[in-house]
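Please read the structure below before turning to the comments.
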Amino acid sequence: MKITLCGSIAFYNRMQEICAELESFGHEVKLPPSMIEDDHGQMISVLDYYTQRKKEANDDSWIWQRKSEAMRSHFKKVEWADVILVANEDKRGIQSYIGANTLLEMGLAFHLGKPIYLLNKIPNIESREEILGMKSIELYGSIAYFANMV
């Protein structure tokens with residue numbers, strides 16, 4: 001099965017763990033990029049980029065161009081996949097957090113008719129109705145169950 005992992009870059013380390021586990025079951029898995037080019041042409045980790053992006057207020061910053069590129073790149077991975085798996089961990093006091101970018105990726109998967117799996121329960125957030133409408137499947141934290149199900 002071809003699986004694309006989606007979720008906040010803040011969960012990148014967890015997504016790498018999930019990727020390794022899914023690959024051990026024989027699945028082909030794609031992640032968001034691990035490295036991104038900074039404004040000097042140097043490659044930096046996505047976690048460093050994420051930290052810088054959270055501090056950036058300038059609308060014409062290189063950071064927003066890279067964000068745009070990363071979004072398009074990951075949309076292509078959603079198109080490639082048979083299913084998406086959303087790593088929705090706790091963040092900023094929100095259980096099972098799903099941010100706007102991840103919701104966009106889920107919307108694309110939904111539009112393309114791809115099943116959407118959530119590692120954890122559907123969060124109690126403003127977009128809960130949309131997530132329910134996409135018929136997202138909750139895994140309650142079980143990667144092994146998911147790996148054997150798909």
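The values are calculated or read from the model by the stated rules, or taken from the named source; none is laboratory data. All values reported here derive from a predicted model rather than from experimental measurement. Methodologically, a virtual Cβ is constructed for each residue, glycine included, from the backbone with ideal geometry; neighbour enumeration extends over all protein chains shown.
List of remarks:
- Among the residues examined, Glu28 qualifies as exposed (fewer than 14 other Cβ atoms within 10 Å of the Cβ) and either farther than 27 Å from Asn124 by Cα or over 14 Å from the mean Cα position of the chain (by Cα) (or both).
- With respect to the conditions (1) among the acidic types (Asp, Glu); (2) part of a loop (DSSP other than H, G, I, E, B); (3) out of contact with any helix residue (DSSP H, G or I) (no Cβ under 6 Å at 6 or more places or on another chain), Asp39 falls short on a single one, namely (3).
- Selection within the range 107-118 - under 10 Å from Val86 (Cβ atoms) and out of contact with any helix residue (DSSP H, G or I) (no Cβ under 7 Å at 6 or more places or on another chain): Leu118
- If only residues of the range 119-138 that are charged (D, E, K, R) and without any contact (Cβ under 8 Å) to a residue 12 or more places away in the chain are counted, the one that is farthest from Ala100 (Cα to Cα) is Glu129.
- Elements of the type helices (runs of 4 or more DSSP H) sitting completely within the range 43-150 and holding at least 3 residues that are under 16 Å from the mean Cα position of the chain (by Cα), at pLDDT 95 or above and surrounded by 13 or more Cβ atoms within 10 Å (Cβ to Cβ): these cover 62-80, 100-111.
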